[in-house]
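For reference, the structure I am asking about is given below.
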Amino acid sequence: MKPALLFLVFLMFAFSLSAAPAVQSKDPQPTHGDKMLANYFLAETTKLSQDGFKGIHTLADWDAKKSEYRRQLSEMLGLWPMPERTDLKPVITGILEHPEFTVEKLQFQSSPGLYVTANVYVPRNLTKPAPAILYVSGHAKVVTNGISYGNKTAYQEHGAWFARNGYVCLVLDTIQLGEIQGIHHGTYREKLWWWNSRGYTPAGVEAWNGIRALDYLQSRPDVDAKRLGVTGRSGGGAYSWYVMALDDRIKVGVPVAGITDLENHIVDGCVEGHCDCMFMVNTYRWDYGMLAALAAPRPLLLANSDKDKIFPLDGVMRIHSQLQRIYELHSATSKLGLLITEGPHEDTQDLQLPTFRWFNRFLKHSDAVIEMAATNHFTPDELKVFADLPKGERTSKIHDSFVELADTPPVPTSETEWKSRREDWKKFLEEKVFAAWPRENEPAQLRPIPESKKTAIHRFEFVSQENVILPVYVVGNSKAKRLVIRVLDQLEWNSVSAKLETDPQNASALITDKDAAIAFVVPRGIGPTAWSSDLTKATHIRRRFMLLGTTLDAMRVWDIRRAIGALSNHRDFKRLPVELQASGEMGVNALYASLFVAPLQQIELSNLPASHSSGPDYLNVLKAMDIPQVVAMVAEKSRVRLLHTDSAHWDFAISSGRNLGWKTLVIPAPTE
């Protein structure tokens, strides 16, 4: 074997090892809902994995699509259109001396007020511009007495090694664990679900900071701007993938333990070990092989260890297999390497040395034996950039501004203006918010559930989508003059479930209007299909939906839409006028569902949140509209009653109706 390939360490026996065990529910026995959810996740994950490279058979196929894939990735990171490259305003706040190199303590602004801290390791006695490495730090917390020294200080040995071997190396802090501390755990821990609605992920900020760090490196006279590489491990490995995928200035990359596929994340539960900074907002429903493929055909070493539980070996191998195919199309398989070492998720020398050799091989065209190990030389305090944190910084709250919200639109004054705006919003919803909805054309069918004895309730079920079968309970008689569809949330289910399930003989007490048949619709994850009640697990279930390019509430909108269709087409109800009722966040789901069905006689919603910033989360929706605009869209074709709400929240819909002659939006006074 050639010496240059010795470090592509294949522990072939490791292929037979199983992946990290799936994260188990704390419930002793999985519920019906748990089983349904697991089947849904498996089916959707399989579909995305199989769809990723459809239509890519030749290099011409890939070249025709690559620029659009890169644009899609930029959008999913909140970087489309790409932010303005404003003045970096770099400042060196101090220099540390070592016999073989110096360390510059650097701060710059990747956007105005978005401060980034870093250490730049520079070899002594350079006679010409040197190759440069962007080293992106992983999740190392270096905090003493409430002062953060930045995770760059935990990875200083890498910067030192590169400088001692002839590279300029910029070791970059992240926003979560830098000197100015932002947030990586918005949905993971902080319950900031509106991040999804805004289309925000901290992965986008980290990618942007990395891109601007390349701008800085290229501005330095001691850097060869045509010889740039990127590496990092864990979180830094993930950011390495994003920067390399977006920026062709990176000529060589070694992401270490920073990527695996959706099967590991969703089916095996690895998402539970990762914060939000690892993931793009998956609008275009990618598996992670697509992200990796955007590095081709540049030299790329995919590095991992065989006992890494949050980047399991089987997923890494699947990613590599997909990468291999794309590199084969480029006739560049010699530039793709796979490094598998023994060990857990740790920064081991076994991973470091082959990484260093890979950069030597492709940036310096050298295969010299590496004789020195990576070691630390300074204390965290010595490497700290800021004496005092800058006033007016945006870093700690960058999630509030990095992705722009849609402006509140002006109230339409003409039908032409309204129609154009309404169609744009509808298209946006279909393409960027609800793109994960199935493509079923046939309406759902109600299937009766046989009863052992006659009761006042008729129980049905319908297929919302593959592996999602949901119940419907109908109370009423064949002489009903209208059908009221009541969509239940968990609290409402708790209040009526006894009559619907335990005591169906008394279900007739639920009818307050003898002229109406009432259908109780229970979307996924509620009542009979509820899954694990463990709050931590429930959080990570919701995060899995985002990885599939949707949200739990977006799929509940689909459930409601399908339920309305199934009931409206049933022989007992198809001639009846339909009313829709729901409350709270479920009311928002019902509102959106009504956009995608035939006009209803009335939609009655109570305690409706006025914004997705406090209501249900749908991917990207706040980039285009908010709930008041959807109320207007629905009120154009159906009568809408909003109960227990402040009319001031709905001024856009009220004014639109007044200007365009609708008389369909009713907001009764609180005493009515």
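The values are calculated or read from the model by the stated rules, or taken from the named source; none is laboratory data. None of the values given here were measured: they were computed from a predicted structure. In this analysis, Cβ positions are derived from the backbone assuming ideal geometry, glycine residues included, and neighbour counts consider all displayed protein chains. Quick note on the areas: whole protein, heavy atoms, side chains included, nothing else; ligands and nucleic acids left out. Shrake-Rupley method; radii C 1.70, N 1.55, O 1.52, S 1.80 Å.
How large is the accessible surface of LEU217 in square angstrom, using a 1.4 angstrom probe and rounding to the nearest 10?
0
What is the helix-to-structure angle for 349-363, meaning the angle in degrees between its Cα long axis and the longest Cα principal axis of the chain, kept from 0 to 90 and rounded to the nearest 10?
Here the helix axis deviates by roughly 80 degrees.
Lys and Arg at +1, Asp and Glu at -1: add these up for the other residues within a Cβ distance under 10 Å of TYR188 and post the number.
Spelling it out: positives minus negatives among the neighbours equals 0.
Which peptide among 590-599, 136-145 comes first, and what is the full order, when sorted by highest mean count of other Cβ atoms within 10 Å?
Ranked from most to least packed, the peptides come out as 590-599, 136-145.
How are the alpha carbon pair distances in segment 97-186 distributed across 10 Å bins from zero to the largest one, expressed in percent?
Values per bin, smallest distances first: 18, 45, 28, 8, 0.
How do 184-190, 163-169, 281-287 rank on mean C-beta neighbours within 10 Å, highest first?
The packing order, highest mean first, is 163-169, 281-287, 184-190.
Counting other Cβ atoms within 10 Å of each Cβ, which chymotrypsin sites (Phe, Trp or Tyr not before Pro) in segment 348-420 have at most 16 and sit in a DSSP loop?
Those that pass, being in a loop and sparsely packed, are PHE378.
Please list ILE310, ILE526 in order of solvent-accessible area, largest first, computed with a 1.4 Å probe with all protein chains present.
ILE310, ILE526
On the principal axes of its Cα set, how long, how wide and how thick is segment 573-638? Give whole Å, largest value first.
Ordered largest first, segment 573-638 gives principal extents of 38, 21, 17 Å.
How far, in degrees from 0 to 90, does helix 202-219 lean away from the longest principal axis of the Cα atoms of the chain, to the nearest 10?
Roughly 30 degrees, rounded to the nearest 10.
Ordering PHE108, PHE428 from largest to smallest accessible area (1.4 angstrom probe), what's the sequence?
These residues rank, largest area first, as PHE428, PHE108.
Of all trypsin sites (Lys or Arg not before Pro) in segment 457-562, which ones are in loop regions per DSSP and have a Cβ with at most 13 other Cβ atoms within 10 Å?
For trypsin sites (Lys or Arg not before Pro) across segment 457-562 that sit outside H, G, I, E and B with at most 13 neighbouring Cβ atoms in 10 Å, the list reads LYS479, LYS481, LYS514.
Separate question: Using only DSSP helix segments of four residues or longer, with each worth -39500 (n - 2.57), what per-residue ellipticity at 222 nm results for the chain after dividing by its residue count and rounding to 500?
Value at 222 nm, helices only, nearest 500: -9500 deg cm²/dmol.
Heavy-atom accessible area of THR333 with all protein chains present, probe 1.4 Å, nearest 10 Å²?
Accessible area, nearest 10 Å²: 70 Å².
Please work out how much length the chain gains when fully extended from LYS454 to LYS128, using 0.36 nm per residue of separation minus the C-alpha to C-alpha distance, in nm with one decimal.
108.3 nm
Let me ask another. Compute the long axis of helix 552-568 from its Cα atoms, compare it with the longest principal axis of the Cα atoms of the chain, and write down the angle in degrees, 0 to 90, nearest 10.
Roughly 30 degrees between the two axes.
Could you sort TYR618, TYR115 by their accessible area in this structure, using a 1.4 Å probe and putting the largest first?
The ordering from most to least exposed comes out as TYR115, TYR618.
For segment 34-182, what is the accessible area per residue in Å², given a 1.4 Å probe and the full set of protein chains?
Solvent-accessible surface per residue comes out at 39 Å².
Give the calculated FRET efficiency between ASP513 and GLU393 to the nearest 0.05, with a Förster radius of 56 Å applied to their Cβ-Cβ distance.
About 0.45, to the nearest 0.05.
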